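The values are calculated or read from the model by the stated rules, or taken from the named source; none is laboratory data. The structure displayed is predicted, hence computed values, not measured ones. Neighbour counts run over all protein chains shown; Cβ positions are idealised from the backbone, glycine included. For the accessible areas, the whole protein counts, side chains as well, though only heavy atoms, and no ligand, DNA or RNA atoms are used. Shrake-Rupley method; radii C 1.70, N 1.55, O 1.52, S 1.80 Å.
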Amino acid sequence: MLAIRIHETGGAEKLRAEDIPVPSPRAGEIRFRVEAVGVNFIDTYHRSGLYKVELPHTLGQEAAGVVTAVGAGVTELRPGDRVATARANGAYAAETTVPAALAVRVPDSVSSALAAAVLLQGMTAHYLAGDTFPLKAGDTALVHAGAGGVGLLLIQIAKSRGARIIATVGNEEKAALARDAGADAVCLYTRENFAEAARAFSNGRGVDVAYDSVGRDTFEGTLNSLRPRGMFVSYGNASGPVPPFAPLVLSQKGSLFFTRPTLAHYTQTPAELNARAGELFDWMSSGRLRVRIGATYPLSAAAEAHRALEGRATTGKVLLIP
Ligand code: NDP
């Protein structure tokens with residue numbers, strides 16, 4: 001079967017289309033035929049070496065499709081079931097495996113493309129807005145990269161909780177998308193000072209929470225956007241990781257809270273995973289949450305998808321179709 005693998009870390013040119021054997025599910029695992037693959041920034045980190053993986057490595061964690069085999073001890077899923085996961089053992093492939101406990105059933109109302117488009121970034125937006133800083137009516141939030149995969153979903157979920165949102169984006173087209181998702185204000189942070197915009201947005205006080213997926217380039221400005229005792233949620237590194245800093249800076253900027261969360265710790269049990277995914281699927285079915293698939297590539301063009309994502313040329317979700 002076709003799989004996209006790396007034998008060494010580096011740029012997008014390291015991705016290789018290879019013919020490898022169809023994997024057998026081990027005990028507790030399922031195998032599924034991949035109908036759609038979700039491309040995520042983390043895939044580029046595995047490829048570049050920012051996050052370590054064992055080599056050779058089949059890229060990809062997020063996919064949806066149809067179960068083709070189950071390993072010993074799996075009773076909750078069977079061949080023919082439609083599933084999705086954000087933790088596949090190599091999703092950039094015609095078929096992949098995953099522990100059954102890390103897969104969710106996809107309801108008939110949600111296509112495999114939309115399931116693969118929403119799961120990882122949607123569950124991220126879900127925990128960021130609902131648990132890391134449980135937004136309530138009237139809270140003010142800064143959302144960086146507001147037209148991105150997590151960004152568009154986070155704006156919608158934050159808005160539905162009654163928060164007021166200022167989003168940052170790289171260009172006018174992205175500004176329109178962020179507004180359409182519900183942002184009350186948008187700042188083109190490539191041209192304007194977003195910390196000043198965030199302070200103006202919150203009547204000079206600073207926002208209650210800042211969701212920062214950009215990392216290195218926005219760290220300083222995000223610190224300056226928050227109100228005293230506000231919460232800095234650093235959940236990504238699209239521009240590079242945040243360099244080490246002294247905790248004292250949090251005191252100087254207003255006794256801030258700082259957290260660096262990751263999805264695995266917010267989907268620790270099958271119950272938590274299924275609750276988050278189930279709520280997202282319900283919201284999609286009822287029209288409360290819109291999922292934007294910004295681009296779709298054939299699996300064999302995965303390198304192109306990586307270049308687009310890293311080059312800030314994408315909006316919403318990027319999918320690969322085997
Ligand atoms: P996006 O779709 O948001 O793409 C990244 C966006 O970041 C770009 O489109 C761009 O938007 C902005 N950006 C700003 N500076 C740069 C730069 N120098 N290079 C590239 N992009 C830049 O990606 P995702 O929604 O998939 O993920 C965003 C981040 O969140 C990633 O770091 C990812 O790893 C992380 N993440 C973390 C999770 C967690 O649980 N902690 C889970 C999911 C994602 P613009 O042009 O508008 O500036």
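Collect the residues in the range 130-145 that are among the aliphatic types (A, V, I, L, M) and out of contact with any Phe, Trp or Tyr (no Cβ under 8 Å at 6 or more places or on another chain), keeping them in residue-number order.
Leu135, Ala137, Ala145
Pairs, please: C-beta under 9 Å, at least 6 apart or cross-chain, first residue touching a residue at least 24 places away in the same chain (Cβ under 8 Å) and open to solvent by less than 50 Å² (accessible area, probe 1.4 Å) and in the range 40-54, second acidic (Asp, Glu) and part of a loop (DSSP other than H, G, I, E, B)?
Going by the 9 Å Cβ cut-off, the qualifying pairs are Gly49/Glu8.
Within the range 101-123, does at least one residue satisfy the condition of being outside the structural domain of Ala238 (by TED's automatic domain parsing), of a type outside the set (Asp, Glu), more than 21 Å from Phe281 (Cβ to Cβ) and under 18 Å from the mean Cα position of the chain (by Cα)?
Within the range 101-123 (the criterion being outside the structural domain of Ala238 (by TED's automatic domain parsing), of a type outside the set (Asp, Glu), more than 21 Å from Phe281 (Cβ to Cβ) and under 18 Å from the mean Cα position of the chain (by Cα)), the answer is no, since none of the residues qualifies.
Could you tell me which numbered condition Gln252 fails, if it satisfies all but one of (1) farther than 30 Å from Leu102 by Cα; (2) touching a residue at least 12 places away in the same chain (Cβ under 8 Å)?
Of the numbered conditions (1) farther than 30 Å from Leu102 by Cα; (2) touching a residue at least 12 places away in the same chain (Cβ under 8 Å), the odd one out for Gln252 is (2).
Condition check: touching a Lys or Arg at 6+ places or on another chain (Cβ under 6 Å) and among the hydrophobic types (A, V, I, L, M, F, W, C). Does Ala117 satisfy that? Break it down stepwise before answering.
Details: touching a Lys or Arg at 6+ places or on another chain (Cβ under 6 Å): yes; among the hydrophobic types (A, V, I, L, M, F, W, C): yes.
Yes: the conditions hold for Ala117.
Please tell me if Gly151 is open to solvent by less than 10 Å² (accessible area, probe 1.4 Å), part of a loop (DSSP other than H, G, I, E, B) and assigned by TED's automatic domain parsing to the domain that holds Tyr189.
Answer is no for this residue.
Counting residues that are of a type in the set (S, T, N, Q) and in contact (Cβ under 8 Å) with a residue 24 or more places away in the chain, which strands (runs of 3 or more DSSP E) fully inside the range 66-148 reach at least 2? Spell out how you get there, then give the answer.
Working: elements: 82-85, 95-99, 103-105, 140-143.
Here the list reads 95-99.
For residues that are small (Gly, Ala, Ser) and part of a loop (DSSP other than H, G, I, E, B), scanning just the range 282-322, find the one that is farthest from the ligand (Cβ to nearest atom).
First pass over the range 282-322, keeping only residues small (Gly, Ala, Ser): 285-287, 294-295, 300-303, 305, 308, 311, 313, 316.
In the following step, the residues that additionally are part of a loop (DSSP other than H, G, I, E, B) were identified as 287, 311, 313, 316.
On the way: Gly287: 22, Gly311: 7, Ala313: 8, Gly316: 7 Å.
Per the stated criteria, the residue is Gly287.
Residue pairs, Cβ under 7 Å, 6 or more apart or interchain, first in the range 182-193 and assigned by TED's automatic domain parsing to the domain that holds Glu172, second more than 10 Å from the ligand (Cβ to nearest atom) and assigned to a strand (DSSP E or B). List them.
Filtered contacts from the range 182-193: Gly182/Ile165; Ala183/Ile165; Ala183/Ile166; Asp184/Arg164; Asp184/Ile165; Asp184/Ile166; Ala185/Ile166; Cys187/Ile166.
Taking only the range 194-233 into account, find how many residues are within 15 Å of the ligand (Cβ to nearest atom), in a loop (DSSP other than H, G, I, E, B) and open to solvent by 10 Å² or more (accessible area, probe 1.4 Å).
2
Considering only residues that are open to solvent by less than 10 Å² (accessible area, probe 1.4 Å) and either within 22 Å of Pro298 (Cβ to Cβ) or modelled with pLDDT under 95 (or both), which ones fall in the range 55-82?
Leu59, Gly60, Glu62, Ala63, Ala64, Gly65
Could you list, in sequence order, the residues of the range 234-261 that are within 9 Å of the ligand (Cβ to nearest atom) and within 15 Å of Ala141 (Cα to Cα)?
Ser234, Tyr235
Report the residue count in the range 313-322 for those that are buried (at least 17 other Cβ atoms within 10 Å of the Cβ) and either out of contact with any helix residue (DSSP H, G or I) (no Cβ under 8 Å at 6 or more places or on another chain) or under 14 Å from Leu177 (Cβ atoms) (or both). Give the steps one after another, and end with the answer.
Step one: filter the range 313-322 for residues buried (at least 17 other Cβ atoms within 10 Å of the Cβ), giving 314-320, 322.
Among the residues that remain, those that are also either out of contact with any helix residue (DSSP H, G or I) (no Cβ under 8 Å at 6 or more places or on another chain) or under 14 Å from Leu177 (Cβ atoms) (or both) are: 314-317.
Summing the residues that are buried (at least 17 other Cβ atoms within 10 Å of the Cβ) and either out of contact with any helix residue (DSSP H, G or I) (no Cβ under 8 Å at 6 or more places or on another chain) or under 14 Å from Leu177 (Cβ atoms) (or both) in the range 313-322 gives 4.
Just need a number here: residues in the range 12-39 that are on the phi < 0 side of the Ramachandran plot and open to solvent by 20 Å² or more (accessible area, probe 1.4 Å).
Final tally of qualifying residues: 18.
Within the range 21-58, count every residue that is in contact with a His (Cβ under 8 Å, 6 or more places away or on another chain) and closer than 11 Å to Thr96 by Cβ.
Matching residues across the range 21-58 total 0.
Could you go through the range 138-145 and let me know if any residue there is open to solvent by 10 Å² or more (accessible area, probe 1.4 Å), at pLDDT 95 or above and among the aliphatic types (A, V, I, L, M).
Within the range 138-145, one or more residues are open to solvent by 10 Å² or more (accessible area, probe 1.4 Å), at pLDDT 95 or above and among the aliphatic types (A, V, I, L, M).
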